[in-house]
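First up is the structure itself, then whatever we jot down about it.
The values are calculated or read from the model by the stated rules, or taken from the named source; none is laboratory data. Fair warning: this is a prediction, and the values are worked out from it, not measured in the lab. All Cβ positions, even for glycine, are placed from backbone atoms using ideal geometry, and neighbour counts span all protein chains on display. We work out accessible area using only protein heavy atoms, side chains counted, and drop any ligands, DNA or RNA first. Shrake-Rupley method; radii C 1.70, N 1.55, O 1.52, S 1.80 Å.
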Amino acid sequence: MEYLNKRNSLRDLSDEEFEIQVSSFAKEIAENGFIYDATSPLDLLKDWKSLCKKEVTREKVNIPATCTTGMKIIRARMPHFYAVENYKGVSLVSLWTAENLEKALRFNRAYHSTPYVSEVIRSLAFTNGLAKITIYRPLMAKTVVNYSNAKSVLDVCVGWGGRMLGSKSLGNEVSYTGFEPCKKTFDGLCNIRDTLNLTGVSLYNVPAEEGLLTCIPEDAKYDLALTSPPYYNLEIYSDEETQSTKKYVNYETWLSEFIKPLILQVTRRVKYSAWSVKNFKTEKKYNLFDDIVQIHKDLGWDMLDVVFSMKNSARPGSGTSGGAGSTASLEKQKSEENTYVFAKRI
């Protein structure tokens, strides 16, 4: 572990010296177990203050992919984040073996003189073809809520807490109500809320399709619904029976019995319905973006012209660069992380 997280620790090693040591280095890391975030409470508070200070305007609807403000809080309070599986049952934790780490260290050395844990984890995912776990950027949430001039936000699929942080970073005048069925994630959200002393935050540890009918008043109204659905089986967050992939046997059933009722309940309660969504592929292609647009349309809600966009960062060695996305082409933006807003047809 002598090289890990030590600035420029590999700079003076020749390729031959690195090759002699890399196997034992990887074995030592593997034997010590997965390395979770060790961010200090002071660093978390700094991250929160930085998010609160970030300026957002109605004129700027794109954010740079390099902006990770608020993400330290999420990773530090959600250690099970790294155990999220893809549809094949593979997670970062399951990949934490000497053989895989050796490949990751070799890959990392090609781009970095310091084997930071975060970069080793990123290299581990890349060398094994594991996609990045989706985290909704807090700054994106702050941008959307501010643009909508929303004072009350409803989130039917809270997830890691990016939308909660982004909403509350605008101040105490913004309230946030969210549903999260996974117990570990719910506990992490409560931990974040209590650590940062966030007021006006109501969290419910129940599936949203149930909670919307039982946990909040029938006549409760919100300015904005802002969410990102779990993409059916793209990411498996837990093996709890409350998870939508456990309750619905296929995508078609999941869409008709989970997503559609959610949108129906949401559109009864809000001025704007905002969804971060895309078409995706696991064992086959799923047109979730198109389906969500159509469900809204059938209910008399149309998609607005404004699209909140964040282009994904390029993976190491891809030869492409990241950066802010453009709203010029909707087709192009479907490959990026976008939030689309729907309003009731006049």
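The residues of the range 282-301 that are open to solvent by less than 20 Å² (accessible area, probe 1.4 Å), under 19 Å from LEU224 (Cβ atoms) and of a type in the set (A, V, I, L, M, F, W, C), listed by number, are ILE292, ILE295, TRP301. Checking ASN312 against (1) in a loop (DSSP other than H, G, I, E, B); (2) modelled with pLDDT under 50; (3) surrounded by fewer than 21 Cβ atoms within 10 Å (Cβ to Cβ), which test does it fail? Going through (1) in a loop (DSSP other than H, G, I, E, B); (2) modelled with pLDDT under 50; (3) surrounded by fewer than 21 Cβ atoms within 10 Å (Cβ to Cβ) one by one, ASN312 breaks only (2). Of the residues screened, ASN279 is one that is in contact (Cβ under 8 Å) with a residue 40 or more places away in the chain, open to solvent by 30 Å² or more (accessible area, probe 1.4 Å) and touching a strand residue (DSSP E or B) at 6+ places or on another chain (Cβ under 7 Å).
For the range 237-253, the set of residues classified as in contact with a helix residue (DSSP H, G or I) (Cβ under 6 Å, 6 or more places away or on another chain) and either modelled with pLDDT of 80 or more or of a type in the set (Phe, Trp, Tyr) (or both) consists of TYR248 only. Criterion applied to LEU226, LEU234, LEU304 was being open to solvent by 30 Å² or more (accessible area, probe 1.4 Å) and at pLDDT 95 or above, and the one residue passing it is LEU304.
Listed by position, the helices (runs of 4 or more DSSP H) enclosed by the range 150-222 that each have at least 1 residues that are acidic (Asp, Glu) and open to solvent by 20 Å² or more (accessible area, probe 1.4 Å) are 183-195, 208-214.
Inside the range 17-30, residues that are open to solvent by 40 Å² or more (accessible area, probe 1.4 Å) and in contact (Cβ under 8 Å) with a residue 60 or more places away in the chain make up a count of 2.
Scanning the range 31-58 for residues that are crowded, with 16+ Cβ neighbours inside 10 Å, out of contact with any Phe, Trp or Tyr (no Cβ under 8 Å at 6 or more places or on another chain) and over 20 Å from LEU165 (Cβ atoms) yields a single hit, ILE35. Please verify whether PRO115 is open to solvent by 20 Å² or more (accessible area, probe 1.4 Å) and part of a loop (DSSP other than H, G, I, E, B), treating the condition exactly as stated. No: the conditions fail for PRO115.
Taking the conditions (1) of a type outside the set (Val, Ile, Thr); (2) touching a residue at least 60 places away in the same chain (Cβ under 8 Å); (3) within 29 Å of LYS6 (Cα to Cα); (4) in contact with a helix residue (DSSP H, G or I) (Cβ under 8 Å, 6 or more places away or on another chain) in turn, GLU119 satisfies each one other than (2). For the range 59-79, the count of residues that are of a type outside the set (A, V, I, L, M), buried (at least 20 other Cβ atoms within 10 Å of the Cβ), in a loop (DSSP other than H, G, I, E, B) and without any contact (Cβ under 8 Å) to a residue 40 or more places away in the chain is zero. Of note, ILE133 satisfies the criterion of being within 30 Å of VAL206 (Cβ to Cβ) and at pLDDT below 90. Just so you know, in the range 85-104 the residues that are touching a strand residue (DSSP E or B) at 6+ places or on another chain (Cβ under 8 Å) and in a loop (DSSP other than H, G, I, E, B) include one that is surrounded by the most Cβ atoms within 10 Å (Cβ to Cβ), and it is SER91.
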